Every structure is written in C-alpha cells, then in structure tokens.
Amino acid sequence: MSAILALVVKDLRLLLRDKAGFIFAFVFPLVYAIFFGAIFSNVGGEATSKLRVAVVDEDGSEESRSFVESLTKTSQVEAVTTSREEAVESVRHGRRLAYITLPKGFGARRDGMFWGDPPNVAVGIDPSRQAEAAMLQGILIRCSFERMQDMFQRPEVMAGRVDEWMKRVQAADDISPAWRAALELFFPAFKSFVQNIPRDESGNAASQPGTATGRAQSSPARSSWQPVAIDVEPVAPQASVKISSYAWSFPQGIIWGVIGCAAAFGISLVVERTNGTLVRLRTAPIARWQILAGKAGACFVTTVCMTTALLLLAAFVFNVRPQSVWLLVMAVVSVALGFVGIMMLLSVLGKTEQSAGGIGWAVLLVMAMLGGGMVPRIFMPSWMQMVSHISPVKWAIHAMEGALWRGFSPAEMAVPCAVLIGVGLACFALGVRAFRWSN
Amino acid sequence: MINLSRLRKTFGAIVAVDELTLEIHRGEVFGLLGPNGAGKTTTVNMAVGLLKPDSGIVEVDGLGSPENAAVRRSIGVAPQEMAIYDEMSGQENVSFFGRLQGLAGRKLAERVAWSLEFVGLADRRRDRARTYSGGMRRRLNLAIALVHDPAVLLLDEPTVGVDPQSRNAIFEKITSLQERGRTIVYTTHYMEEAQRLCDRVCIIDHGRILALDTVEALIARHGGKSVVRAQTAKGETRIETDDPVTELKRLQETGGLEHFSVDRPDLEQVFLNLTGRRLRD
C-alpha cells in the first residue's frame, strides 16, 4: 500500500510542477464554466438575451401601432421601428434576429376579428437562427391575443365595438348569407355576455367565472380575463429554487477538466515507458498491478480534487448549491472512476508520447462533442442525441446535473453512475491487458 | 551470486538467447560484452526479472528467481536510459525509488543522504533533475540504483555521454562498491572500461557465449600476436610475434635499431577476433 501511495504522491507532484497540465486540469474548466455561465445569465445587461428585431410598420394605423407597442413591452424582445431597407440589411448582416413587417391593411383586418382575412405579419428571419424563430412566432401570437384580452377587460368598450361590428356586417356585401346569419345570431349573445361579465371597483372585468358565484372559492382569483394563461416554470423538484445558468455550465466545465486529467495521465504512462522510468519501476519489488494502481490512484485523486475545488467555487461564488450533497459525491466518484478507466485505455493507443497524445485527444474530443461537452445535447439533431448515449461524457454530465439541479432520486442517479463505473472497469481491464510494458 | 542455467528466449523466429549458462561470483565486477543484437539486453533483462525466459533457470543470491518481487529487492539497476523524473529534485527521485524498495522513515532518509553523497550530488540534491548535466544525471541514475543497498548492481552502459571527469568518478565509485563487497554486472561498448574494471568478461554473440574468462586470459587466448614496428638501418619493418622483447633484441643485434613501437593485443582485439569485423545494425 505504501508503494502505491508513493506512486500516487509522485504523480501528483509531477502534475503540480507541469504548469500546462495543471492549467488544463484546473483553470481551463473554471474558465469554461464562468464563460458559458456568464453568457447565459445575462451578465453585462439584460438586453443581451433579448430577441433583437426590426419592425416595419407599413400600415401606420392605430391597430398596427398598438401591436408594435405590445411587442415592445414584452421582456423577451427588443424592437426598433425602421424602414424596410434598413430592417432587411440589419438581419442580413446579423445585427438583428428578424424583421417583422405589418403590411398595409393590417389594422383593418385586425379590427374585423370575426370575419374576413386575419391580419398578416411577415417575418424575415436570419437563417442561422431558426431555433429562435419559433420563440418569436409565439411572442407574435401572444401579442395578437393581447388585443382581444384588452377588449375583454373593458366590457363597455367591447359592447360598443360589438354594435359597430353588427352594423358593418349588415351593411357589408362581401359576406355570404350563411356567415351573415351566423354573425347576426352571435353578436347579440356575445354583447349580452360581455355586459354581464363581473366587474371590479374600477369597472373592469375582474374575476374568473365561478369565483364570483362562490362555486370555486378555493381557486385563486385572476386579475383579468385572458384567452389563455401560460405559466412557465423550471422542471425541477424544487421549483421555488432558481436554477442559475452556472448550474449547467459548471458540470460542462468540470467535464473538460476530467478529460484533461484522463489525457494527461494516459500520456504520462507512455512517457514512463519511453523515458525508461517504467523499467526501473518494474525492477522494484512491487507488482505490475501496483504500478498501474498508483497511476490510476493519482488520476482519481486529481480528478476528485479538481471537481471538488470547482464545485466549492460554484457553491460559494456562483451560489450553485447541490440538491443532494451525497448524490453529488456519488456522481463525482463515478465520473472519476469512469475516466480513470478511460485514461488506462488511452495509454495503450500510442507507442510514443506524441501519438498517444494525438490519438487520446482525438478520442476524447469526439466523446465530448457527442456527449454534450461542447454544445448542449438539446441543440443536437435527434439522431445525434441518440448516438450520444455511447459517450461517457453524456453520462458524466447527466450524473453531475442530476445531483446539482435536476433533483434525481438515488435510483435515478444509479443509472448514469452505473454506466460510468461499468465503462471505467471495462476500459481499465482492456487497458491493463493491452498495456505495453516495454518499447 | 547470480546463476543463469540454460536460458533460452525467442522473439518470434528470432532466437535472442540460446541455451546460455553462466555464473557470476559474489564480489566480482563482471563484464558482459557483445555487438548490437548479440543478446546482452535480453540476458540482463532475464537476470533482473524484466523478462521471463522461455526455458532455463535464473537464481539470484540463492533466493530464487527475480520474477519474485522479494528477490528483486537485492538487485539495483541503473538502466542505460536516464530513468529519472526531470521535474523532481535529485533527492525526491532517490527518495521515491527508496520508498518503492520498502524503505521508510529515518532509514530512508539515511540511505538517500548516503547515496547522494556517494555519487557527489549532495550539494545539488534540492535542484530539479532537468537542471543537471549529463554526468550528474548518470550519477543520479547510479544513486537511485544504490539507495536500498543492494547486493547486486546492474550497470547498463553507465558512462554513455559523460565527460572524462564524470567517467573517472563513476569508475572510482564502482571500484569502491566492489571493495564493499557488492557484485557488479557491467555492460558496455567501451573495451578499455571493461579491461580496466572487470574481473571477468563474458563475450556473447547470437545469444551464445563466445568466451568467458579474466581479461588477461582472454587476451592470451584470443588476442593474437603483438606487433613490433621498427626502423633499422636497413629500413622500416613490421613483425607479428608472441615475444616482442626477444624480437627487439634480435633487431638490435642484426640491423642497428633506430626506433620502434610495440602494439600488444587488448580486449578490443579479442572482441573483434571473436565477433568479426562485419558491421552490425
């Protein structure tokens, strides 16, 4: 045991004196975690995360201005009204995500809520940002609904509007008889409904159906009528806890540190062989397994130390608190064991330091790319997400996130941890079997 | 001290060592010589337990095979490659390998200090090994081999790439170790080193022993004749002879000897006579 301890201490001492290796193992993951955490946490101004759009109001009506005002009020959009040419250029040069055109006739169509063509909005989007286009569409639909919501909030205005619509329907000659008959039945009933909506002290529509009659006293009161209520909340067992962007950037940063440790120690085994120190180790009165156990122990200790240091930093500086400390310990140990095994396998891939380093990093980078170490898996196409299951990096991130903020139960944690330990054992066994003890 | 009995080792179709038998006596400096690819390294690797022979027996100090870890404790190895950690100090290197040999505490500290003092590195013990000169690195290599006070020392080309001062210092250390009763196995390509240091020399080629004896006996048996080059009144002459003194007297009496030189056979001549002058890869 003292021989293994001596081997571990020797490798840790060598790592501490290898500045490049130390930086890659400890500093790089920290930079990664802070960099991506900062990007996604809006540091540097709230506007950095808003969808920046240009609006071309070709209609210039009260309705179109009202629509632009609704759009501008939303917290997710930063909108500027400009000419069509400028709007197109700003999108083409990537300065803005999209331009939104409200064409002539937009207001008239919006006013005719129940007949005629719907108001149309043209959106020109940056083709490289299709993922955000769906989000923008949702915001545009919500803005459209706000008009209706506004009218329902003011029953008197709505009743007057219904009378006006009734007159226009009766005077119009471009409505089919069947549709006209339907509207003539609908509008009076609708007006009656609007006039009977319960009101608050200021005369606006106040509470949800049922509450006023006492049939749903336990339901929370709604401040105004809404066509649809959308509540957004994070999917985590402790929904009240705000999930910081650092909570997911730190696991990814840590994985890069783990990868750096696996690569460094894998290469160091090859260096022992090419430098001749392995010959001397083999002539010492210790078994071969002890030599490899010493290297594995040093890799394990370094990985755990690096991970612990970063997690402590995340906790005390960036307020990333694990939902379960014990499950986090389980994740850290599993990740370390998994990548110690991978380190052992990497050490047999090349005969020289250069080839081992090149091949090792190539393998690890592919693992990182597939496993979500570079780009979160959510942004990958479905087939790639499927393929990513073969990457230990995916399971490592999954285990860390599970303990940090996904609120995994012990049973749920068992899956990624078992995969990592299994991969580690298999790789270690293969590596030991294939290891070259001499040049 | 070390008995190798009918050792055989093959690598595929190549027979590296072929039924090799030899005995190295306690307290002697034993030279193992041979051209590249002769089987020296394979023999040495089997002797220290780095390689398992296909057949035959290796026994060290009556304890058994060096494949047994406990037997390896009585062997110290200074490989030809600098088997040291550049980013560790001389003291850390020696201390680390001392721990692997089972030393600890005060005993370890004493042995580390003695080893570094013995090879003349005590003053530089705290400096990183990468700052050492070639000669200092060779001496550190030797100190690591000595730290656990082994009965047998294997020195593989210990003077390659060092300056004359360091080489001379290493020679003195080897002589000193022999005086302390250590058995030393010495492999080298430098024949003058073997001639100067070794009590007995074994020359092997193609995995077999070509000759094994004291240096004097090998020269007498395989060195050939002395060469006398003389300038007389009759002109220049070259004579191969077993008795150069008698030959010089004869030249003096018959032709008026003006000046002369005598080339006596040495170990290099023995080596070339036994292994041939054909280049080896």
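Things to note:
- Flag if residue B:142 is surrounded by 16 or more Cβ atoms within 10 Å (Cβ to Cβ), among the hydrophobic types (A, V, I, L, M, F, W, C) and in contact with a Pro (Cβ under 7 Å, 6 or more places away or on another chain): yes
- Selection status of residue B:58, within 30 Å of residue B:268 (Cα to Cα) and either part of a helix (DSSP H, G or I) or modelled with pLDDT under 90 (or both): no
- Unmet criterion (only one of (1) farther than 18 Å from residue B:266 by Cβ; (2) of a type in the set (S, T, N, Q); (3) at pLDDT 85 or above) for residue B:232: (3)
- The single condition from (1) part of a helix (DSSP H, G or I); (2) over 22 Å from the mean Cα position of the chain (by Cα); (3) at pLDDT below 85 that residue A:429 fails is (3).
- The residue of region B:79-91 that is surrounded by the fewest Cβ atoms within 10 Å (Cβ to Cβ), among those that are of a type in the set (D, E, K, R) and facing chain A (nearest Cβ under 7 Å), is B:87.
- Flag for residue B:212 being at pLDDT 85 or above, hydrophobic (A, V, I, L, M, F, W, C) and either touching a Cys at 6+ places or on another chain (Cβ under 6 Å) or assigned to a strand (DSSP E or B) (or both): yes
- Residues of region A:390-439 satisfying the condition of being basic (Lys, Arg) and either closer than 20 Å to residue A:366 by Cβ or in contact with a Gly (Cβ under 9 Å, 6 or more places away or on another chain) (or both): A:394
- Qualifying residue in region A:344-362 (condition: assigned to a helix (DSSP H, G or I), of a type in the set (Ser, Thr, Tyr) and without any contact (Cβ under 8 Å) to a residue 12 or more places away in the chain): yes
- Considering residues of region B:31-42 that are farther than 17 Å from residue A:437 by Cα and modelled with pLDDT under 90 only, the residue surrounded by the most Cβ atoms within 10 Å (Cβ to Cβ): B:33
- Test: residue in region A:156-177 that is among the basic types (Lys, Arg), modelled with pLDDT under 80 and more than 20 Å from residue A:106 (Cα to Cα): no
- Residue satisfying all of: in region B:52-72; surrounded by 22 or more Cβ atoms within 10 Å (Cβ to Cβ) and closer than 18 Å to residue A:286 by Cβ; farthest from the other protein chains (Cβ to nearest Cβ) among these: B:60
- Looking only at region B:248-277, and only at residues there that are of a type in the set (Ser, Thr, Tyr) and part of a helix (DSSP H, G or I), the one that is farthest from residue B:235 (Cα to Cα): B:275
- Of the criteria (1) over 23 Å from residue B:47 (Cα atoms); (2) out of contact with any strand residue (DSSP E or B) (no Cβ under 8 Å at 6 or more places or on another chain); (3) modelled with pLDDT of 85 or more, which one residue B:262 fails: (2)
- Unique match (being touching a Cys at 6+ places or on another chain (Cβ under 8 Å) and either farther than 22 Å from residue B:213 by Cβ or of a type outside the set (A, V, I, L, M, F, W, C) (or both)) among B:12, B:31, B:39: B:31
- Here residue B:45 passes the criteria (1) within 14 Å of residue B:3 (Cβ to Cβ); (2) within 14 Å of chain A (Cβ to nearest Cβ); (3) buried (at least 18 other Cβ atoms within 10 Å of the Cβ); (4) polar (S, T, N, Q) except the one numbered (1).
- Selection of region A:287-310 for residues being within 14 Å of another protein chain (Cβ to nearest Cβ) and polar (S, T, N, Q) yields only A:290.
- Region B:102-122: number of residues that are outside any loop (DSSP other than H, G, I, E, B) and either within 14 Å of another protein chain (Cβ to nearest Cβ) or out of contact with any Gly (no Cβ under 7 Å at 6 or more places or on another chain) (or both): 13
- Qualifying residue in region A:378-395 (condition: more than 14 Å from chain B (Cβ to nearest Cβ), within 29 Å of residue A:292 (Cα to Cα), of a type in the set (A, V, I, L, M) and crowded, with 18+ Cβ neighbours inside 10 Å): yes
- Unique match (being more than 13 Å from every other protein chain (Cβ to nearest Cβ) and of a type outside the set (A, V, I, L, M, F, W, C)) among B:99, B:125, B:137, B:130: B:125
- Scope region A:407-438; condition within 29 Å of residue A:320 (Cα to Cα), surrounded by 14 or more Cβ atoms within 10 Å (Cβ to Cβ) and not small (Gly, Ala, Ser); matching residues: A:408, A:412, A:413, A:415, A:416, A:417, A:419, A:420, A:421, A:423
- Beta carbons closer than 7 Å, at least 6 apart along the sequence or on distinct chains, pair a first residue in region A:270-286 that is within 7 Å of chain B (Cβ to nearest Cβ) with a second that is assigned to a helix (DSSP H, G or I) and among the small types (Gly, Ala, Ser) for A:285/B:69; A:285/B:70; A:286/A:3; A:286/B:69.
- Only one entry in A:39, A:34 is outside the structural domain of residue A:312 (by TED's automatic domain parsing), out of contact with any strand residue (DSSP E or B) (no Cβ under 7 Å at 6 or more places or on another chain), modelled with pLDDT of 70 or more and among the hydrophobic types (A, V, I, L, M, F, W, C), namely A:34.
- Some residue of region B:168-176 being part of a helix (DSSP H, G or I) and closer than 20 Å to residue B:44 by Cα: yes
The values are calculated or read from the model by the stated rules, or taken from the named source; none is laboratory data. Please read these numbers as outputs of a predicted model, since none were measured by experiment. Cβ sites come from the backbone with ideal geometry, for glycine too, and all protein chains shown count toward neighbours.
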